[in-house]
Structure formats: structure tokens, C-alpha cells
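The values are calculated or read from the model by the stated rules, or taken from the named source; none is laboratory data. Note that the structure is a prediction, hence the values are computed from the model and not measured. We place every Cβ from the backbone using ideal geometry, glycine too, and count neighbours over all the protein chains shown. In case anyone asks, the SASA skips ligands and DNA or RNA and just uses the protein heavy atoms, side chains included. Shrake-Rupley method; radii C 1.70, N 1.55, O 1.52, S 1.80 Å.
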Amino acid sequence: MGFAINTGASAFKAFGTKMAVSANNVANVRSDDFKRSRALFSQGQNDAVKVDISTVDTGGPVEARMVDGQTVVQEFSNTDLAEEFTDQIITQRAFEANVRAIQTEDEMLGTLVDIVG
């Protein structure tokens, strides 16, 4: 396989992981005390795309309410839906660009084989 295909295959996996992390954040947006996660890309071995997942420990919105005469403070999820949806669109476009790069290398290799053969 060519360089772009190897790198592209690891990028597919990385983008899938990033989308799964974002989907988990969206699914838990209404969960009390949920802390969102982030997928960060870096360069791995042999130019592969490596994904590191970390938890964002910032506080979410807080609500104080009375329960049985006691004040109870409840922290909600720190997930921002607008940010998550924007990240999902960016991830989708990056995935599509990655597909196009692999298709281009495949076409180039096909043309090269036709010329040599």
C-alpha cells in the first residue's frame, strides 16, 4: 500500500474515534455531573494518526434547589451542544477529505500500472 493509503487508514480510525467521543458527549448532555471528553490527534509511529482521549474537567451549570428543607446543589454536564455539533461537522469534512486523498492515490497507482503494464 502507498503512503497516503496507510496514513489514510489510520486517519479513518482516528476520525471514527473522535466522532464516537463527540456522540457520547451529546448522548450525555442531560446527565448530571457528566464531564465531556475530547479526542486529540497526534503523530504516531510510521506517520500513523494517534488519538488521545482526555476528560475536560471544567464545571458545568449549577442549580440549587430545596429538597426536604435542605438546599441541594446539582452540577449538570459541561457539554456544549453547539461546540459538539460544530466538531462533528468538521470531523465529517475531514473524513471526506481523507477519502478523497486515498481515492486520488488509488487512481494514480492505477494509472501507473496501466502505463507500465
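Of all residues in the range 1-22, which are open to solvent by 50 Å² or more (accessible area, probe 1.4 Å) and within 13 Å of Gln88 (Cα to Cα)?
Listed by number, the residues that qualify are Lys18, Met19, Ala20.
Give all pairs with beta carbons closer than 6 Å in which a residue from the range 64-77 that is closer than 18 Å to Val29 by Cα and touching a residue at least 40 places away in the same chain (Cβ under 8 Å) meets a residue that is part of a strand (DSSP E or B) and open to solvent by 70 Å² or more (accessible area, probe 1.4 Å); count only pairs at least 6 apart in sequence or on separate chains.
Correct list of pairs: Gln74/Glu63; Glu75/Val62.
Can you find even one residue in the range 71-86 that is at positive phi and surrounded by 10 or more Cβ atoms within 10 Å (Cβ to Cβ)?
No; the residues of the range 71-86 include none that is at positive phi and surrounded by 10 or more Cβ atoms within 10 Å (Cβ to Cβ).
Just one of the numbered conditions (1) over 19 Å from the mean Cα position of the chain (by Cα); (2) in contact (Cβ under 8 Å) with a residue 40 or more places away in the chain; (3) more than 30 Å from Val99 (Cβ to Cβ) is not true of Phe34; which one?
The single condition Phe34 does not satisfy is (1).
Taking only the range 23-36 into account, find how many residues are open to solvent by less than 70 Å² (accessible area, probe 1.4 Å) and under 18 Å from Pro61 (Cβ atoms).
The number of residues fulfilling the criteria is 8.
Restricting attention to the range 45-70, and to residues there that are open to solvent by 100 Å² or more (accessible area, probe 1.4 Å) and polar (S, T, N, Q), which single residue is nearest to Ser22 (Cα to Cα)?
Ranking the qualifying residues of the range 45-70, first place goes to Gln45.
Inside the range 16-56, can you point out the residues that are among the hydroxyl-bearing types (Ser, Thr, Tyr) and over 15 Å from Thr79 (Cα atoms)?
Correct list: Thr17, Ser42.
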